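Visitor: This is the structure I have questions about; it appears just below.
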Amino acid sequence: MNKEKRDRLYAVLCTVLTIVFISVMLFTVEKMPDLGRADNPDINEVMEFYVEEGPEETGALNAVTGMILHYRAFDTLGESCVLFVSAVCVFILLRIDGEASNDTLVAIDRRYEPTDDPILTQTFKLLVPAVFMFGIYITMNGHLSPGGGFSGGAIIGAALLLFLNAYGLEKTERFMSSQLYRRVTTMALCFYAVAKSYTFYTGANGLDSFEGAGTPGNILSAGLILPLNICVAVVVSMTIYSMYIMIRKGGFNK
Amino acid sequence: MSVFFANLPEYAAMILFGIGLSNLMLAKNLVKKIIGLNIMDTSVYLFLAAKGYVENSVAPIVSASDLGHIEHTLYTNPVPAGLVLTGIVVSVSVTAVLLSLIVRLNEEFHTLDIDEIIHILRKRDREDLK
Amino acid sequence: MSLVQNVPAFSILLLMLCGIVCLVLPRRAARHLADCAIALVAAASVALLVYFLQGGAAYTYSMGEIGAPFGNELRAGMLEAAVATLFSIVTLLSLMGGRAHLRSDIGRLKVNLYYISTLFLLCSMLALVYTNDIFTAYVFVEINTITACGIVMSKEDGYTLAASMRYFIMSLIGSGLFLISICILYAVTGHLLMSNIQEAVAQLYAQGEYRAPLQVAIALMGVGLSLKSALWPFSSWLPDAHSSASASSSAMLSGLVLKSFIFLMIKIFYRVIGAGIVRTHAVLDLLLVFGILGMVMGSVNALFERDIKRLLAYSSVGQIGYIFCGVGLGTPAGVAAAMVQVAVHATTKAMLFCAAGGLMDASGGSKKFRDIEGAGRRDPYAGVAFIVGTLSMIGIPFFGGFITKLSLVQAAVTVGGWRNLLSILAIIVSTILTAIYYINVLAIIFRAPETAPTKASEKLKEEWKKQVRLDTEYEVAIVLFILLNLAIGLRSDQLMQIITTGLSMFG
């Protein structure tokens, strides 16, 4: 069989497989509980607990934040680690600083750098403070209103990228060095892991922990949720920035 | 027919999942494969988000004055929202790794076609044996 | 709650923390920290195993103040403790056995990153072993996928990059199917914790509700996880990924990563869905048939391979087939046989990959058959390791492989019909094929190059004459690996007892 025929056979097989898959799944969905009904299996005591007891117990008015950073904190710790290991993998693949000279880095960067468009630069300059503020607001109010560490961190990361493109690499890299990235990320993740290890330990062994709910509705409430949100936001924004810089030029400036 | 429209987001999610899967299997270009993967992931989020919805309810963010007498029937299910959040983070990280892998592969082989890359490697292997 | 019961949570968190800290440490410190952390986790897991051997009951460990059904939970029993011990010891020995290769294969700047990946890989495998929450399993499956690709591609040549791309794409299809099946399970049961899902599923089955979604969810779970654990038709990515990576990475990937997904699958089938329901489902028959095909096809492919690491990789495809055959039989004895094979294959294949690294060192870095002629004489440690590995893989009495085959046959004769006949036939055929290709390898690596006509190039022969300098760490690792293999073979009744007791604690 020549290559063309084999390719066509493969394509036909894949199409048939997909069609079978889609029909099976449509059939499955048809047999599943209808959408939006209040008597569905997922509206059970777990959901009731998260919404009715959760805010009072954790102090977080946003039940989703309360759930992911208190009851299911181990998942969220794993999630931050996914970000961390993916950044590590990107480093393994793309990091060339240390081996390559600064000139090579600059040369690689020039290939991808956008031209200095005055309109974009000026708009970015106007936008950057607002976006930063918005990101910080979302992070700090994660337990009170929609948002949280992941969304806030993504916005702060985007603001960092805007800053980078508005003011150029030289200005940005005056403060964003490889060392800063490593120290801040490590500190944030370590704080998260250590703090949560403590509450896991106290929780599982039935000991008292210092974590208190505070007055729900205040910024400084909800125990560990606010600091954890800040840690997550730091990790997310740093990861986004470092991935961008790796794909763009393969390293931080020395 | 009414049932069909009630479950529309789920049907859409499943069809999208199939589209993503077929794209992942059929596309030759690696970037297109990754787009397929993202469609697949997004369809799962659509499915989950639809599952969390309860009719005539709002997002599960309560007001401080309601504490103590919250009615769970007024709010949507917070669990799928948390799961979607996790899923999005995972898919972002995976996409970043895949894209940087593509950058490296492109530097190494000057092509984005995975079949061609395997072909080049086989040829290299044969030359090695000689 | 006694102190030793904190071991599951703390081994996961310790590995995580050390992985994070490695980012800021100097190279040597990162290496030592990784070694110490893994050794500590191994010791702690042994302590937990001893706790269970002394009569401790299986327990759940809530991650936070509130446990089931609201918060995350871990669950530990004898089987989990045994598997965790095995995983951490084999990881440590693989790292030691391939250290010389790590030095040459991995860029100076990326040593820390390699150790971070290894720590997170072990962390995710332990989390998959211990978790009692199906969504936590998904998160750690993803960490596992990313870090496994990380340790493959850290060698950074064309082969590893292309191989990790294929590995990644296959794995991601698997995770996608796994995720959607979790969503279906959640939608029909409303729970994410394994024990709660099991109750809900049993109730739904008794009432006859949502039969179709449950069936589809089980099937998707099976397909998704077997994609990730390289069941035969899905194993096309495996030989490339495992043969091109650095020696330690190959040992860990082939020995452990595949097994962690199989363990997760067994756990989901028996703890999330429930044994009684899974046995009525066609997915077990599918696993059995493809496992049997894998046993034969992996061996056939290995027969024609002329590259030592690819041969070992194809042999892994065959050996994974044994595990799936055991799982597919569906009886407790079958699952026990599968778990024995997990232990035997993890130790044997990791040892063989490390020894293959030694053979390559003794042959100028080449892994082709014509270049490694007589390498077993030049590097006696690798030679002895290959002898032990071969005896075990073929299934000579007093070696691990024999126990697997014996228990698998014993499990197979109790089930009726075609399953019985087919699996015994496949075991015989695959054993013969395995014997042929492994003895062929032995013949090649112990051939005396002076007496036999050799096809190796002149340059290589010059290289052979140089005294091969071996490092102590590698020698220690190989000796420990050999001892571990012998221990598994000679103390097989204890192993069997741990597994059967563990399985009875499991459900």
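The values are calculated or read from the model by the stated rules, or taken from the named source; none is laboratory data. Computed from a predicted model, the values in this text were never measured in an experiment. All Cβ positions, even for glycine, are placed from backbone atoms using ideal geometry, and neighbour counts span all protein chains on display. Calculation scope for accessible area: heavy atoms of the full protein, side chains included, ligands and nucleic acids excluded. Shrake-Rupley method; radii C 1.70, N 1.55, O 1.52, S 1.80 Å.
Visitor: Evaluate the Debye formula for segment C:87-216 with equal point scatterers sitting on the alpha carbons, no solvent, and hand back log10 of I(q)/I(0) at q = 0.20 Å⁻¹, in q order, two decimals.
Guide: Log-scaled intensity ratios, in q order: -1.13.
Visitor: For segment A:131-186, calculate the relative contact order in percent as a whole number, restricting contacts to Cα pairs under 8 Å that are 6 or more residues apart. Mind showing how you got there, number by number?
Guide: Details: 38 pairs, mean separation 14.5, N = 56.
Answer for segment A:131-186 is 26 percent.
Visitor: Using +1 on the beta carbon of Lys and Arg, -1 on that of Asp and Glu, and nothing else charged, what's the dipole of segment C:282-507 about the Cα centre, debye to 20? Let's see the in-between values first.
Guide: Working: 19 positive and 15 negative charges, 74 e Å.
With Lys and Arg at +1 and Asp and Glu at -1, about 360 debye.
Visitor: While we're on this one: Let's see if you can work this out: charge +1 on each Lys and Arg Cβ, -1 on each Asp and Glu Cβ, no other charges. What is the dipole magnitude of segment A:1-154 about its Cα centre, in debye to the nearest 20? It would help to have the intermediate numbers written out before the result.
Guide: Values: 11 positive and 21 negative charges, 192 e Å.
Rounded to the nearest 20 debye, it is 920 debye.
Visitor: Answer with one residue from C:VAL289, C:GLY364, C:PHE386: the one whose Cα lies farthest towards the positive end of the charge dipole of segment C:282-507, charges on Cβ with Lys, Arg +1 and Asp, Glu -1.
Guide: Farthest towards the positive end: C:GLY364.
Visitor: Same structure again: Over both sides of the C-A contact, add up the buried accessible area with a 1.4 Å probe and give it to the nearest 100 Å². Present the calculation step by step, with values, prior to reporting the outcome.
Guide: On the way: alone 18800 and 15740 Å², together 29480 Å².
Roughly 5100 Å².
Visitor: Could you let me know the centre-to-centre spacing of segment A:156-173 and segment C:131-181, using Cα atoms, in angstrom?
Guide: Cα centroid to Cα centroid, the span is 32 Å.
Visitor: Determine the equivalent ellipsoid of the protein assembly as shown by diagonalising the alpha-carbon gyration tensor, then write out the semi-axes as square roots of 5 times the eigenvalues, largest first, rounded to whole Å.
Guide: On the way: eigenvalues 356, 227, 144 Å².
The answer is 42, 34, 27 Å, longest axis first.
Visitor: At a 1.4 Å probe, which residues in segment A:141-189 are at least 30 Å² less accessible with all protein chains present than in their chain isolated?
Guide: A:PHE150, A:ARG182, A:THR186
Visitor: Once you list every other residue whose beta carbon is under 14 Å from the beta carbon of C:ALA148, what net charge do they have if Lys and Arg are +1 and Asp and Glu are -1? Mind showing how you got there, number by number?
Guide: Working: positive: C:LYS155, C:ARG166, C:LYS228, C:LYS259; negative: C:GLU142, C:ASP240.
Net charge around C:ALA148: +2.
Visitor: With each label point set 7 Å from Cα along the Cα-Cβ vector, what nm distance links C:ILE428 and C:ALA202?
Guide: Placing both labels 7 Å beyond Cα along the Cβ direction yields 4.1 nm.
Visitor: Comparing A:SER23, A:SER86, A:SER151, which has the greatest mean-square fluctuation in the GNM of chain A with Cα pairs linked when under 10 Å apart?
Guide: Residue with maximal mean-square fluctuation among A:SER23, A:SER86, A:SER151: A:SER23.
Visitor: If you average 1/r over every pair of different alpha-carbon atoms in segment C:282-507 and take one over that average, what Kirkwood value in Å do you get? All intermediate terms of the calculation are to be shown ahead of the outcome.
Guide: Values: mean 1/r = 0.0551 Å⁻¹.
Final number for the Kirkwood radius of segment C:282-507 is 18.2 Å.
Visitor: Separate question: Long-range amide H contacts for C:ARG447: which residues qualify at under 5 Å (H placed 1.01 Å from N, peptide plane, sequence gap of 5 or more or a different chain)?
Guide: Counting only residues 5 or more places away or on other chains, the set is C:GLY374.
Visitor: Rounded to the nearest 0.05, what FRET efficiency do A:ALA38 and B:ILE15 have when you use their Cβ-Cβ distance and R0 = 25 Å? Let's see the in-between values first.
Guide: Details: r = 27 Å, r/R0 = 1.08.
My answer for the efficiency is 0.40.
Visitor: What would the Debye equation give as log₁₀ I(q)/I(0) for segment C:232-283 at q = 0.30 Å⁻¹, counting only Cα atoms as equal point scatterers?
Guide: Debye curve over Cα of segment C:232-283, log10 I(q)/I(0) at q = 0.30 Å⁻¹: -1.09.
Visitor: Whose amide H sits under 5 Å from the amide H of C:ASP133, counting only residues 5 or more places off or on another chain, with H placed in the peptide plane?
Guide: Residues meeting the amide H criterion: C:GLU73, C:MET194.
Visitor: At a probe size of 1.4 Å, how large is the accessible area of A:VAL20, to the nearest 10 Å²?
Guide: A:VAL20 has an accessible surface of roughly 80 Å² with all protein chains in place.
Visitor: Of B:ASP66, B:ASP41, B:ASP113, which has the largest mean-square fluctuation in a 10 Å C-alpha GNM of chain B?
Guide: B:ASP66
Visitor: Right, next: Note down the magnitude of the dipole of the protein assembly as shown about its Cα centre, charges +1 on Lys and Arg C-beta and -1 on Asp and Glu C-beta and zero elsewhere, to the nearest 20 debye. It would help to have the intermediate numbers written out before the result.
Guide: Working: 64 positive and 65 negative charges, 678 e Å.
For this selection, approximately 3260 debye.
Visitor: In a Gaussian network model over chain A where Cα atoms closer than 10 Å are linked, find which of A:THR58, A:THR172, A:THR202 has the largest mean-square fluctuation.
Guide: A:THR202
Visitor: I need the phi-derived Karplus couplings for segment C:91-101: 6.51 cos²θ - 1.76 cosθ + 1.60, θ = phi - 60°, integer Hz, Gly and Pro marked x.
Guide: Listing the rounded values in order: 4, 4, 5, 5, 4, 5, x, x, 4, 4, 5 Hz.
Visitor: Right, another one. Give me the summed buried accessible area for the A-B pair, 1.4 Å probe, to the nearest 100 Å².
Guide: Working: alone 15740 and 9510 Å², together 20580 Å².
For A against B, buried area totals roughly 4700 Å².
Visitor: Measuring with a 1.4 Å probe in the full set of protein chains, what accessible area per residue, in whole Å², belongs to the protein assembly as shown? Please list the in-between numbers first.
Guide: On the way: 31780 Å² over 891 residues.
Here the per-residue accessible area is 36 Å².
Visitor: Something else about it: What percent does the relative contact order of segment C:282-377 come to when contacts are Cα pairs within less than 8 Å and at least six residues apart? Mind dumping the intermediate values first?
Guide: Values: 114 pairs, mean separation 26.4, N = 96.
Relative contact order comes out at 28 percent.
Visitor: Something else now. With an 8 Å cut-off on Cα pairs and a minimum separation of 6 or more residues, tell me the relative contact order of segment C:282-507 in percent. Mind showing how you got there, number by number?
Guide: Values: 325 pairs, mean separation 57.5, N = 226.
It rounds to 25 percent for segment C:282-507.
Visitor: Now for a separate question. If R0 is 41 Å, what FRET efficiency do you get for B:VAL103 and A:ILE19 from their C-beta distance, rounded to 0.05? Spell out each step's value before the answer.
Guide: Numbers: r = 34 Å, r/R0 = 0.84.
With R0 = 41 Å, the Cβ-Cβ based efficiency is 0.75.
Visitor: Continuing with the same structure: Taking every pair of distinct Cα atoms and averaging 1/r, then inverting, what Kirkwood hydrodynamic radius in Å comes out for segment A:68-249? Walk me through the numbers on the way to the answer.
Guide: Values: mean 1/r = 0.0558 Å⁻¹.
Computed over segment A:68-249, the radius equals 17.9 Å.
Visitor: For the protein assembly as shown, with the dipole built from +1 on Lys and Arg beta-carbon atoms and -1 on Asp and Glu ones, taken about the Cα centre, which of A:ILE136, B:VAL84, B:LEU24 lies farthest toward the positive end?
Guide: Sorting the options by dipole projection puts first B:LEU24.
Visitor: For A:THR28, C:THR431, give the ranking by accessible area with the largest first, probe 1.4 Å.
Guide: Numbers: A:THR28 0, C:THR431 30 Å².
My answer, sorted largest first, is C:THR431, A:THR28.
Visitor: If you don't mind, another one. What is the interface area between chains B and C, defined as buried accessible area summed over both chains with a 1.4 Å probe, reported in Å² to the nearest 100?
Guide: Working: alone 9510 and 18800 Å², together 25290 Å².
Accessible area lost upon association: around 3000 Å².
Visitor: OK, next. Give me the net charge for the shell around C:VAL342: Cβ to Cβ below 12 angstrom, other residues only, Lys and Arg +1, Asp and Glu -1. If you can, show how the numbers build up before the last one.
Guide: Numbers: positive: C:LYS259, C:LYS349; negative: none.
That works out to +2.
Visitor: Given a 1.4 angstrom probe, I'd like the percentage of the accessible area of the protein assembly as shown that is carbon and sulfur, rounded to a whole number. Show your work: numbers first, answer last.
Guide: Numbers: 20410 of 31780 Å².
Of all accessible area on the protein assembly as shown, carbon and sulfur atoms account for 64 percent.
Visitor: Which value, in Å² and to the nearest 10, is the accessible area of A:MET133 when all protein chains are kept and the probe is 1.4 Å?
Guide: Per-residue accessible area (A:MET133): approximately 130 Å².
Visitor: Can you list, largest first and rounded to whole Å, the semi-axes you get for chain C by taking the square root of 5 times each eigenvalue of its Cα gyration tensor?
Guide: Details: eigenvalues 265, 136, 82 Å².
They are 36, 26, 20 Å, listed from largest to smallest.
Visitor: Using modelled amide H (1.01 Å from N, peptide plane; none on Pro or chain starts), what sits under 5 Å from the amide H of B:VAL54, excluding residues fewer than 5 places away?
Guide: For B:VAL54, whose amide H was placed from the backbone, the distant partners under 5 Å are B:ASN77.
Visitor: Residue-wise, which Karplus ³J(HN,Hα) couplings in Hz belong to segment B:98-111, taking 6.51 cos²θ - 1.76 cosθ + 1.60, θ = phi - 60°, and x for glycine or proline?
Guide: Karplus values, whole Hz, x for Gly and Pro: 4, 5, 6, 4, 5, 4, 5, 4, 5, 5, 7, 10, 6, 8.
Visitor: In the full protein assembly as shown, how much of C:TRP418 is accessible to a 1.4 Å probe, in Å² to the nearest 10?
Guide: Result for C:TRP418: roughly 120 Å² accessible.
Visitor: Ranking request for peptides C:179-188, A:189-198: highest mean number of other beta-carbon atoms within 10 Å first, then the rest in descending order. Write down the numbers at each step before the final one.
Guide: Numbers: C:179-188: 24.8, A:189-198: 19.5.
In decreasing order of mean packing, C:179-188, A:189-198 become C:179-188, A:189-198.
Visitor: Step through the residues of segment C:288-296 one at a time and calculate ³J(HN,Hα) from phi using the Karplus curve (6.51 cos²θ - 1.76 cosθ + 1.60, θ = phi - 60°), rounding each to whole Hz and writing x for Gly and Pro.
Guide: Each residue of segment C:288-296 in turn: 4, 5, 6, x, 5, 4, x, 4, 7 Hz.
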